[in-house]
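Following: one structure in structure tokens, then a few remarks.
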Amino acid sequence: MSFALVALSVPARQLFTYRVPAELEGAAVPGASVELKFRNRRMRGVIVERTKTTELNPDKVNPIDKVLGAPVLTPHLIALARWVAEYYLAPPGEAVAAALPGGQDGLARSRARKGAVEDHVMGMAMPERVTLTAAQRAATTAVEKAVAKGGFQPFLLHGVTASGKTEVYLRAARAAREAGGQALVLVPEVALGSQIVERFRTRFGGRVELLHSYLGVGTRRRNWELARRGALDVVVGARSAVFAPLPNLKVIVVDEEHEGAYKQSEKLRYHGRDVAVRRAQMLGIPVVLGSATPALESLANAARGKYARLALPDRVDKRPLPTVSIVDLRRENAASGLVSRPMLAAVTERLERGEQSLLWLNRRGHSHHVQCRGCGWTPECERCDITLTLHSDPLELRCHYCDHRQPAYQQCPDCKMPLLRFGGAGTQRVERELAQKFPKARVLRLDTDVARGDRDEPAKILEAFALGEADILLGTQMIAKGLDFPNVTLVGVLDADVALHLPDFRAAERTWQLLVQVSGRAGRGKRPGEVLVQTCTPDHPAIAAVATGDTAAFVKEVLAERREVEYPPFSRMVALLVSGPDESEVESAANALAERAHAVADEYGVTVLGPAPQALARLRNQHRWHLLLKGHDAARVRAAAAAAIAWAEEPGRKLRVRVMADVDPVEVL
């Protein structure tokens, strides 16, 4: 008699033991998808391990009912998923499901998988006619040698915007192909993935595909299957593509490695960049982390010698960086609208010269909040502790967290006054103002609202703008990084203060990164670029650093502040999140959990902060509290968090709440 440890997509921090019937001995191997009975319902799971023994009563162990075809996961991907579950203190079933496109259900017998075939019409590969700068040659040589030699080697490719980081990625992928293997390229935004994949297809001529959640499940499973068969040379994808089943992976690239989008914000809270580094380490291959504004943790790793730093300090063809000017909104006439007079003049100048402008505002919708001028009433979400955002297309009030929607008010429902005040402008409101100020200008808008309407719309908008079919591209952070439009000579930041004053220790770093990234979209062609930054806090270090270009001084100042309070990169953190439908139960459980964490703090050498309600204390009718564990040893901090969670989940504890861990959180709101 033998047994199998099976991963099931349930919120339990364990694998489940099942008996392997004699007739399934040959098929029930690790990586196989199986059908079985779990708590009186039919489920599908994945075998992660076979064993001859069990501590359970063998006669009471349920059998596996069916094996659904050949294994769907390799031993390497099983090991990677198990590491993710262990490191991030997560249910192993959720980690295994993350490695499968569209989850476990239906994958084994997917028609798209079984019918996956390569395109018979392959594009012609373009020869490499790019003349490398000296810095690019040095970086490319280092990466190519590492790919040819093999062995784990993490590189931090720190290059200013338009310094040619993508060319280094392309040549790293070529080196992988020449070594008989494949390359995995991760990007933080789906829109960025669509543009970069075209660069790879042009250079490689084919055998390049995308993997991300905006693709239909059938397309994802088709591309996943082609990758599994080794029929692709390059896979480009967002966070979840870190699990792409490439059989002979030779190099991993993480573009814009600093981006918070690599961190999953719900359920399995893994960080795609860090999982990529771990996967490279497990495979013994190089990994390239690229950014113009690396995360402070990555800079610290380079300073400590954990990463080899490759510098690209100049733009290609000796193009100058754009000039940056600050527009102090405190001195602007409020009647001029959302676009200041200097910004209007700069956009007008570009329209007259036939050049393009990119305007950035990291807030979607029409108005962030609506308020009655008479009684002060503000519409709030019925499920979340957040004000509703006014959208103009369609005209409605919408919650940006749970997507609750309701009709927009024409008058205050409390005092019946028709005088409503609209605050916190979003991209839809800016779009309307641009149409009024520049009636002949062709304006395109790209934000999450546009992307949700049509999965292909972001790529269509970016292609149209690249072809010169629009004069102005207006958008959120979807257009802030990685995009290359040679005719863009003006970048306008309409509100640099949107996230600057959030109660999060990374707020200044994140604002600086976004401003530098979006500024880098200007002047990438032959004509010089200009950047105008509208702000009410021009003297803030993050904004001043963008204006002066003195990155080193800003980083030094922020690191000094972090060192003083022992925040990353000078410590490691785990946030414990407590949520549930009953507010008093959540508060009580959070206090009990914190008491337990304090009890083990000295044993593990950690500091416990909290508990306290989260900044968004109620989300989707779930009340939320959190506490923070921090210390100098990552393993000990995780062990302390695991001990607290294990105590909370003991069968007799009966805490009617959910406790989750967020290891290495990117935000602590």
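Laboratory data are not the source of any read-out in this text; all were calculated from the coordinates shown. Since the model is a prediction, treat every value here as computed from it, not as a measurement. Using ideal geometry, Cβ is built from the backbone for each residue, glycine included, and neighbour counts are taken over all protein chains shown.
With the simple model of a label 7 Å out from the Cα in the direction of the Cβ, Arg636 to Glu118 spans 5.3 nm. Pairs over the 22 Å Cα-Cα cut-off, from the set Lys60/Lys267; Lys318/Lys526; Lys165/Lys526; Lys165/Lys481: Lys60/Lys267. Give a quick list of trypsin sites (Lys or Arg not before Pro) in the stretch 349-379 that DSSP marks as loop, anything other than H, G, I, E or B, with at most 14 other Cβ atoms within 10 Å. Sites meeting the loop and neighbour criteria: Arg373.
Normalised by the number of residues in the chain, the average gap of Cα pairs under 8 Å and 6 or more apart makes the relative contact order 11 percent.
Please identify which residues in the stretch 596-626 have an amide N closer than 20 Å to a label point set 7 Å out from the Cα of His404, following the Cα→Cβ vector. Residues passing the 20 Å test: 613-625.
Computed from phi, the 3J(HN,Hα) profile of the stretch 394-401 under the Karplus parametrisation 6.51, -1.76, 1.60 (θ = phi - 60°) reads x, 6, 6, 9, 9, 8, 7, 10 Hz, with x in place of Gly and Pro. The Cys residues in the chain with no partner Cys Cβ within less than 4.7 Å of their Cβ are Cys402, Cys536. Please report the base-10 log of the normalised intensity I(q)/I(0) for the stretch 2-105, using a Debye sum with one equal scatterer per alpha carbon and no solvent, at each q in 0.15, 0.17, 0.21 (1/Å). These q points yield log10 I(q)/I(0) values of -0.54, -0.71, -1.09. Placing R0 at 51 angstrom, the Cβ-Cβ distance between Met1 and Lys460 gives a FRET efficiency of 0.30 after rounding to 0.05.
Here the label points at Glu557 and Lys267, each 7 Å from Cα along the C-beta direction, are separated by 4.2 nm in the simple model. Counting neighbouring beta carbons within 10 Å and listing from fewest to most, the residues Asp414, Asp255, Asp664 come out as Asp414, Asp664, Asp255.
Residues of the stretch 44-78 with backbone nitrogen within less than 11 Å of a virtual label 7 Å along the Cα-to-Cβ line of Glu35, please, listed as ranges. Of the residues in the stretch 44-78, 44, 65-69 have backbone N under 11 Å from the label point off Glu35. Among 225-235, 7-17, 184-194, the peptide with the highest mean count of other Cβ atoms within 10 Å heads the list, and the full ranking is 184-194, 225-235, 7-17.
I need the helices of the chain that pass two filters: whole DSSP H segments spanning 30 Å or more by Cα along the axis, and mean Kyte-Doolittle score no lower than 1.0. Going by DSSP H runs, there are no hits.
Its relative contact order, with pairs defined as Cα atoms under 8 Å and 6+ residues apart, puts the stretch 2-105 at 35 percent. Where (i) 41, 33, 25; (ii) 50, 32, 24; (iii) 44, 41, 24 are the candidate values, the label of the one calculated here for semi-axes √(5λ) of the Cα gyration tensor in Å is (i).
Per-peptide packing, taken as the mean over residues of other Cβ atoms within 10 Å, places 440-448, 619-627 in the sequence 619-627, 440-448 from highest down.
Placing a label point 7 Å from the Cα of Cys415 along the Cα-to-Cβ line, the residues of the stretch 360-392 whose backbone N sits under 15 Å from it are 371-379.
Fully extending the segment from Arg656 to Ala435 would add 74.3 nm, taking 0.36 nm per residue of separation and subtracting the current Cα-Cα distance. Distant-in-sequence amide contacts of Arg421, defined by a placed amide H-H separation under 5 Å and a gap of 5 or more residues or a different chain, comprise Gln371, Cys372, Arg373. The calculated FRET efficiency for Arg353 paired with Val130, based on their beta-carbon distance and R0 = 35 Å, is about 0.80. For the stretch 371-429, GluC sites (Glu not before Pro) meeting the loop criterion (DSSP other than H, G, I, E, B) and having at most 12 other Cβ atoms within 10 Å: Glu382. Summarising the amide proton neighbourhood of Gly159: residues at separation of 5 or more, or on other chains, whose placed amide H is nearer than 5 Å comprise Ser291, Ala292, Leu312.
Site pair Ala646 and Thr378 shows an inter-label distance of 4.4 nm when each label is modelled 7 Å from Cα along Cα→Cβ. Here the stretch 572-663 was treated as a single set of alpha-carbon atoms; its pair distances binned every 5 Å from 0 give 3, 17, 28, 24, 16, 9, 3, 0 percent. Basic side chains Lys and Arg get +1 at the Cβ, acidic Asp and Glu get -1 at the Cβ, and with that the dipole of the chain about its Cα centre reaches some 1520 debye. Report summary: the helix-based calculation at 222 nm, which adds -39500 (n - 2.57) for every DSSP H run with n ≥ 4 and divides by the residues of the chain, gives -10000 deg cm²/dmol.
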